[in-house]
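Single-structure report; data block below.
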Amino acid sequence: MNERMDDTYFMQVAIEEARLALEEDEVPVGAVLVKDNKIIARSHNSCEQLNDPTAHAEILAIREASRMLNNHRLIDTTLYVTLEPCPMCAGAIVWARIKELVYGALDPKSGACRSITNLVQHPALNHRVEIREGIFTRECARMLSGFFREKRSRQGG
């Protein structure tokens, strides 16, 4: 597989995870962690289900991959996520030493990789993550906007 095909395939898996979150009435964000062109962890948002504000897709995937590799350093891995990570997740990505981040939709309200700040490439930190963005942007953004539109309509406004 060439790099572009890999991005497409792995982002589609992340979108599948986001759909699982949607079915659970969670914010539809999915994440997939890849090492040596193999999926080592996949997850989706589970904050509501777990009553845990840290149960974002990225955090859960990082935890799973760390257990699987028996190492908190996820060197030479790539994280695919459907939404630009928030500050909490961006910090975890840096501390885990993830090599690359590939994401779909921008998050203009809390994105910490481009939108409000760029924590994963901050010059004061001792690790910087390579970023590729814009893979399935429209599909990822549509899923999120549809979820929030439906939430607002159920709440009457």
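Can we say E84 is touching a Phe, Trp or Tyr at 6+ places or on another chain (Cβ under 8 Å), among the acidic types (D, E) and crowded, with 20+ Cβ neighbours inside 10 Å?
In short, yes.
Which one of these does T78 not meet: (1) of a type in the set (V, I, T); (2) more than 26 Å from F148 (Cβ to Cβ); (3) open to solvent by 20 Å² or more (accessible area, probe 1.4 Å)?
It fails just one condition, (3).
Tell me whether region 51-67 contains one or more residues that are over 15 Å from the mean Cα position of the chain (by Cα), more than 16 Å from D7 (Cα to Cα) and of a type in the set (A, V, I, L, M, F, W, C).
Taking every residue of region 51-67 in turn, none turns out to be over 15 Å from the mean Cα position of the chain (by Cα), more than 16 Å from D7 (Cα to Cα) and of a type in the set (A, V, I, L, M, F, W, C).
Would you mind stating whether N45 is at pLDDT 95 or above and on the phi > 0 side of the Ramachandran plot?
No, not satisfied.
Of the residues that sit in region 89-133 and are open to solvent by 40 Å² or more (accessible area, probe 1.4 Å), within 23 Å of I39 (Cβ to Cβ) and under 13 Å from the mean Cα position of the chain (by Cα), which one is modelled with the lowest pLDDT?
Looking at the filtered set, the residue picked out is E133.
Looking only at region 27-58, how many residues end up being closer than 24 Å to T137 by Cβ, in contact with a helix residue (DSSP H, G or I) (Cβ under 6 Å, 6 or more places away or on another chain) and open to solvent by less than 20 Å² (accessible area, probe 1.4 Å)?
11
Take G156 and tell me if it is free of Cβ contacts under 8 Å to residues at least 40 places away in the same chain and not in a helix (DSSP H, G or I).
Against the criterion (free of Cβ contacts under 8 Å to residues at least 40 places away in the same chain and not in a helix (DSSP H, G or I)), G156 qualifies.
Restricting to region 18-33, give me the number of residues that are in contact with a His (Cβ under 7 Å, 6 or more places away or on another chain) and part of a helix (DSSP H, G or I).
Residues in region 18-33 being in contact with a His (Cβ under 7 Å, 6 or more places away or on another chain) and part of a helix (DSSP H, G or I): 3 in total.
Residue check: is R4 at pLDDT below 95 and either under 30 Å from P123 (Cβ atoms) or among the aliphatic types (A, V, I, L, M) (or both)?
yes
Of all the helices (runs of 4 or more DSSP H) wholly in region 34-145, which have at least 1 residues that are over 22 Å from F10 (Cα atoms)?
Helices (runs of 4 or more DSSP H) meeting the threshold: 47-50, 87-95.
Looking at the structure I just gave you, is T8 assigned to a loop (DSSP other than H, G, I, E, B) and open to solvent by less than 70 Å² (accessible area, probe 1.4 Å)?
no
Note down all Cβ pairs under 6 Å where the first residue falls in region 67-86 and is at negative phi and touching a residue at least 40 places away in the same chain (Cβ under 8 Å), the second is open to solvent by 20 Å² or more (accessible area, probe 1.4 Å) and assigned to a helix (DSSP H, G or I), and they're at least six residues apart or on different chains.
none
The values are calculated or read from the model by the stated rules, or taken from the named source; none is laboratory data. Just so you know, these numbers come straight off a predicted model, no measurement behind them. Because the Cβ atoms are built from the backbone with ideal geometry, glycine has one as well, and the counts that use them run over all protein chains shown. Accessible surface areas use protein heavy atoms only, side chains included; no ligands, DNA or RNA. Shrake-Rupley method; radii C 1.70, N 1.55, O 1.52, S 1.80 Å.
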